[in-house]
Amino acid sequence: MKPSFRTWCQRALQLAAALLPLGVAAQMPPTTAITAITTTARATVPVEAFFQEPQFDDAVLSPDGKKVAFKLRVKDSRAKLVVMDLATQTPTVVASFQNESVGMFAWVNDQRLVFNLAAWLKPAGQRDINAGLFAVDANGERYRQLAETIGSRVKNGDSTELLPQSTQLLRTSARQTGDDIWVTVTEAYDKKFGADYRRVRKLNTVNGRWSEVDAPQHAAHWVFDAQNELRAATEARDGRLKMWLREPGQVWKTVATMDSLTRTLYPTHMDALGTLYVISNQGQNTVGLYTWSFETNQPSEKPVLHSQAFDLYPRPVVSEGQVQGWRYTVDAPVTQWTHPPAQALQDTIDKALPHTVNELSTGVHSNSPHVLVHSFSDRNPGITLVFNRDTQKFIRLGDARPDLRGQAMAGMDFVHYNARDGLRIPAWLSLPAGSAKKNLPLLVYAHGGPWVRGQSWGWHADAQFLASRGYAVLQPEFRGSAGFGSKHFGAGWKQWGQGMQNDLADGAKWAIAQGIADPQRICIMGASYGGYAALMGLVNDPDLFRCGINWVGVTDPQLLYSVNWSDTTDQAKTYGLPRLMGDSIKDADMLRTHSPLHQAARIKSPLLMAYGGKDERVPLVHGEKMRDALRAHNPQVEWVEYPDEGHGLVDLKAQADFWQRVEKFLNKNLKQQP
């Protein structure tokens, strides 16, 4: 791949006129503009409108607050990096490529940005580049490639060598001044440890020269102080979590070592006064934010932020070197301000935009009146505005998904129900817009992982698509899900096909008892672990679930150990899976009992299965073995393979094809009363 930057940057400038009208049209009352998406009656929206990449995305103010950078897609084009001067509302396309979208980006200083390419947006079988790393000025000048992409080496006009293709942006400077950034370079990847031996380097984005930063070689998380000195790091290896600290110019010291599955401790921020904030469970059920005591080498006893119901992973909101608030997620994203003027501004914005979550940001050293506002809700996929504190007016920059404007969307509620053993299960319930909310066909949608949090409140393409077709969607945070405390997480250990599975069935029964679900029209579905759960739902509860949908799902837990061409590392097989799922030898009987493949004869319901031919997490053999075991006795099995896709569908055509198959499958099996 040869990034033809100059040619495509010039061509892309011709598209800039499509940008604003976006801003000019924004002098409308903002509340009306935002809530309009929910005002019309529900119509059949094309599947592509839900799953295509956002047309406007990731807006970020420059450090001085005078410009805003964002990604823009016009029609079917690749995402371009655009910078708009807020005083003149003049947009400039600063990075555009023929075959690649711009990926992540950040401001280096008031006039320069760093970015990579969104290589992950290509299917695994078509991925001919890596993300690389690039820099460019806000006016489109001084473009420079900093790191290699697969099969490409762009000459920068000097002898400076490009960094390896494993280079990733770590951070910009604390106050976003100067031309330097910090990157990590992964020097080893093997089946035993996965990515390892990461080096930290300070990199000049103008001349491409770099210098080594002293850092623990196995670390995977790093924190710098306000003077841009690396001060803290953590590593997770051999089932242990280790935290390192150092004083400037001193050697690294290990200050804590603990079990990585039962304890949480990692640094998250060091402020201008040298206070180190850490994420820790500190002997509590849930994870929260604490300060670190350098005298005792322990987190403080009193948390800075803590919740009894949710694990919190706060991120600081910093301006002029000071922490002004923290962002974290409970049921929905929250900003908790510690700076009274920032809270007053939030109150002003929330009063003007009462129906959305409104995330505010300013430049890190800005005296500008401009405030960036990202607004979203369960019914609104997101719009971005600029609020002028002097004029008290909004400018509308763009909608994430303008094709959905005016379409009725489903509401998403955070609910709880009791499992059969009394454990309280959190779940997300999405109901079709305008429906009677009673006696609906229900989809029990199990998340993947499974040791992750499944959802948070907001707009989600898959749930919205399914709800738009008339289905209620229940997404349980079954036991073993992360984010709801250690007791909930630990209750799922070695519970594949057992307690975890029962939680899904109990959710369906709860929806029936609430009058939401028609007991004769319930389907179970999911991807990865969720695909496993869909299969086991048809094994364990054939009278409850009329059909199942499994994509890229595990079909036999033992295959996670034995398939040697998967990307599951030896570390996971030694220190993670035996404790979380079950030991391949000691728990062999349990794993076999709860293996869909070995229980295939019990699955007689309609089933849709989809797999990626290039999947390295759950290789195709999982699906092929299951398909062959089912076809001998179940004529209602539908099978589709996407040869170039990996663990999940990336290409929009593949996504549209799959979800259209889902729609057809559900129409056949759930729309009509049996």
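The values are calculated or read from the model by the stated rules, or taken from the named source; none is laboratory data. As the structure is a prediction and not an experimental result, all values here were calculated from the model. A quick note on method: Cβ atoms are made from the backbone with ideal geometry, for glycine too, and the neighbour counts reach across all protein chains shown.
Key figures for this structure:
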{"item": "So residue 581, is it within 31 Å of the chain's Cα centre (by Cα) and among the aliphatic types (A, V, I, L, M)", "result": "yes"}
{"item": "Qualifying residue in the range 413-421 (condition: touching a helix residue (DSSP H, G or I) at 6+ places or on another chain (Cβ under 8 Å), of a type in the set (S, T, N, Q) and at pLDDT 95 or above)", "result": "yes"}
{"item": "Failed criterion for residue 316 (all others in (1) in a strand (DSSP E or B); (2) under 22 Å from residue 242 (Cβ atoms) hold)", "result": "(2)"}
{"item": "Exclusive hit being farther than 23 Å from residue 538 by Cβ, in contact (Cβ under 8 Å) with a residue 60 or more places away in the chain and out of contact with any strand residue (DSSP E or B) (no Cβ under 8 Å at 6 or more places or on another chain), set 410, 400, 461, 433", "result": "461"}
{"item": "Which listed residue is without any contact (Cβ under 8 Å) to a residue 12 or more places away in the chain and surrounded by fewer than 20 Cβ atoms within 10 Å (Cβ to Cβ), from 307, 300", "result": "300"}
{"item": "Among the residues listed as 415, 444, 386, 452, the single one being buried (at least 21 other Cβ atoms within 10 Å of the Cβ) and either among the acidic types (Asp, Glu) or in the same structural domain as residue 483 (by TED's automatic domain parsing) (or both)", "result": "444"}
{"item": "Qualifying positions in the range 419-462 - among the hydrophobic types (A, V, I, L, M, F, W, C) and in a loop (DSSP other than H, G, I, E, B)", "result": "419, 423, 433, 436, 451, 452, 457, 459"}
{"item": "Any chance residue 543 is in a loop (DSSP other than H, G, I, E, B), free of Cβ contacts under 8 Å to residues at least 60 places away in the same chain, surrounded by fewer than 24 Cβ atoms within 10 Å (Cβ to Cβ) and of a type in the set (Asp, Glu)", "result": "yes"}
{"item": "Count - residues of the range 74-99 that are crowded, with 24+ Cβ neighbours inside 10 Å, touching a Gly at 6+ places or on another chain (Cβ under 9 Å) and part of a loop (DSSP other than H, G, I, E, B)", "result": "1"}
{"item": "Residue match in the range 186-198 (condition: among the hydroxyl-bearing types (Ser, Thr, Tyr) and at positive phi)", "result": "yes"}
{"item": "Residue that is farthest from residue 445 (Cα to Cα), among those in the range 376-418 that are of a type in the set (Lys, Arg) and part of a strand (DSSP E or B)", "result": "393"}
{"item": "Within the range 347-363, considering residues that are surrounded by 19 or more Cβ atoms within 10 Å (Cβ to Cβ) and of a type outside the set (Gly, Ala, Ser), the one nearest to residue 61 (Cα to Cα)", "result": "362"}
{"item": "Any hit, the range 200-207, residues being within 30 Å of residue 143 (Cβ to Cβ), polar (S, T, N, Q) and in a strand (DSSP E or B)", "result": "yes"}
{"item": "Test: residue in the range 557-570 that is crowded, with 23+ Cβ neighbours inside 10 Å and under 30 Å from residue 126 (Cα atoms)", "result": "yes"}
{"item": "Failed item in (1) on the phi > 0 side of the Ramachandran plot; (2) assigned to a helix (DSSP H, G or I), with residue 348 passing the rest", "result": "(1)"}
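So that you can scan it fast, the table gives a plain yes or no per residue for (1) outside any helix (DSSP H, G or I); (2) touching a helix residue (DSSP H, G or I) at 6+ places or on another chain (Cβ under 6 Å); (3) within 27 Å of residue 472 (Cβ to Cβ):
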| position | (1), (2), (3) |
| --- | --- |
| 614 | yes, yes, no |
| 618 | yes, no, no |
| 625 | no, no, no |
| 634 | yes, no, yes |
| 644 | yes, yes, no |
| 658 | no, no, yes |
| 661 | no, no, yes |
| 667 | no, no, yes |
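Listed here are the residues, each with its yes/no results for (1) among the small types (Gly, Ala, Ser); (2) part of a loop (DSSP other than H, G, I, E, B).
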| position | (1), (2) |
| --- | --- |
| 291 | no, no |
| 303 | no, yes |
| 331 | no, yes |
| 344 | yes, no |
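Each row is one residue, and each column tells you yes or no for (1) in contact with a strand residue (DSSP E or B) (Cβ under 7 Å, 6 or more places away or on another chain); (2) outside any loop (DSSP other than H, G, I, E, B); (3) in contact (Cβ under 8 Å) with a residue 40 or more places away in the chain.
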{"residue": "241", "(1), (2), (3)": "yes, yes, no"}
{"residue": "251", "(1), (2), (3)": "no, no, no"}
{"residue": "254", "(1), (2), (3)": "yes, yes, no"}
{"residue": "258", "(1), (2), (3)": "yes, yes, no"}
{"residue": "263", "(1), (2), (3)": "yes, no, no"}
{"residue": "286", "(1), (2), (3)": "no, no, yes"}
{"residue": "296", "(1), (2), (3)": "no, no, no"}
{"residue": "311", "(1), (2), (3)": "no, no, yes"}
